[in-house]
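The values are calculated or read from the model by the stated rules, or taken from the named source; none is laboratory data. These figures come from a predicted structure and were not determined experimentally. All Cβ positions, glycine included, derive from the backbone under ideal geometry; neighbour counts span all protein chains shown. Each accessible area value is taken on the protein alone, full model and side chains, heavy atoms only, with ligands, DNA and RNA left out. Shrake-Rupley method; radii C 1.70, N 1.55, O 1.52, S 1.80 Å.
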Amino acid sequence: MHIVKRVFWTAFWVLLFAFLHYTLPQRDIVRIVETEVRRVDFGENSIFWAGADTGQDATGVNRDVRFINTQKRDTYLLGLIRSETTRPMVYRNEDTGWGWPPYFKLDSSNLQTDVADLKSTAAEPQWAVLTHYGWRNELMSIFPNAVGVRPIDNPDKVLIPWFNAIILLILAGLMLGFYRMTQWFRREKIDPIVDSAQDTWDGVDAYADEQRAGLRGWLDSWKSKPKR
């Protein structure tokens, strides 16, 4: 049982971390290389795509998707240290609408225009902070979804995720409150019932021992006594 409980809680925390890491916004410092629109056929990874622009038909098996091609500054220590090297990073640009995640993004066309206006070359780079959610996985053709962009003058600037910190603090507070509530419920409601049931069982067990002792004594009284 101890192993099952450990496996359960390990799986729970891993899934929770993955869910938060995918859903919460992340910010990358990038140099925008190109924007394009590609026809995408959705397959087994369709859950990692958002949807068609709000107001358009999204029932087809394929549709046009906007993409943003960039060179992303590499980072270390959870993004606190940036290196001078870059690597290719491709983002998709899709509306989230009123669904999940709750970014309520309805302006993919406008964002694509803002991104195109920030395109630059390696000789004369224009760096930008691109906000997104999701993961990049080349094996499964998964792309993070861009939700915002703004120019930045200093590509070495440290971007502190204040919003994520606040969300995590609120979540930690809710989980602590839930834990305290379950502890109170167990102490005030469950434990008295268990103790009462244990006392009742102890009483029944003591009564049974008493009856067995009486029965044993009565049977012994019928045994023949040794002759003198």
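A few remarks follow.
- When every residue of the stretch 113-130 is checked against the conditions, none turns out to be under 20 Å from Val40 (Cα atoms) and at pLDDT 95 or above.
- For the stretch 64-109, the candidate set comprises residues that are of a type in the set (Asp, Glu) and over 24 Å from the mean Cα position of the chain (by Cα); within that set, the residue that is least open to solvent (accessible area, probe 1.4 Å) is Asp107.
- Test: residue in the stretch 1-12 that is exposed (fewer than 14 other Cβ atoms within 10 Å of the Cβ) and not in a helix (DSSP H, G or I): yes
- Some residue of the stretch 161-171 being over 19 Å from His21 (Cβ atoms) and open to solvent by 30 Å² or more (accessible area, probe 1.4 Å): no
- Answer from Asp64, Asp57 - the residue that is modelled with pLDDT under 95, charged (D, E, K, R) and assigned to a loop (DSSP other than H, G, I, E, B): Asp57
- For the stretch 1-48, filtering for residues that are touching a helix residue (DSSP H, G or I) at 6+ places or on another chain (Cβ under 7 Å), farther than 19 Å from Asn137 by Cα and not aliphatic (A, V, I, L, M) leaves 1.
- Boolean, Arg150 is open to solvent by 20 Å² or more (accessible area, probe 1.4 Å), of a type in the set (Lys, Arg), out of contact with any Pro (no Cβ under 6 Å at 6 or more places or on another chain) and under 30 Å from Asp53 (Cα atoms): yes
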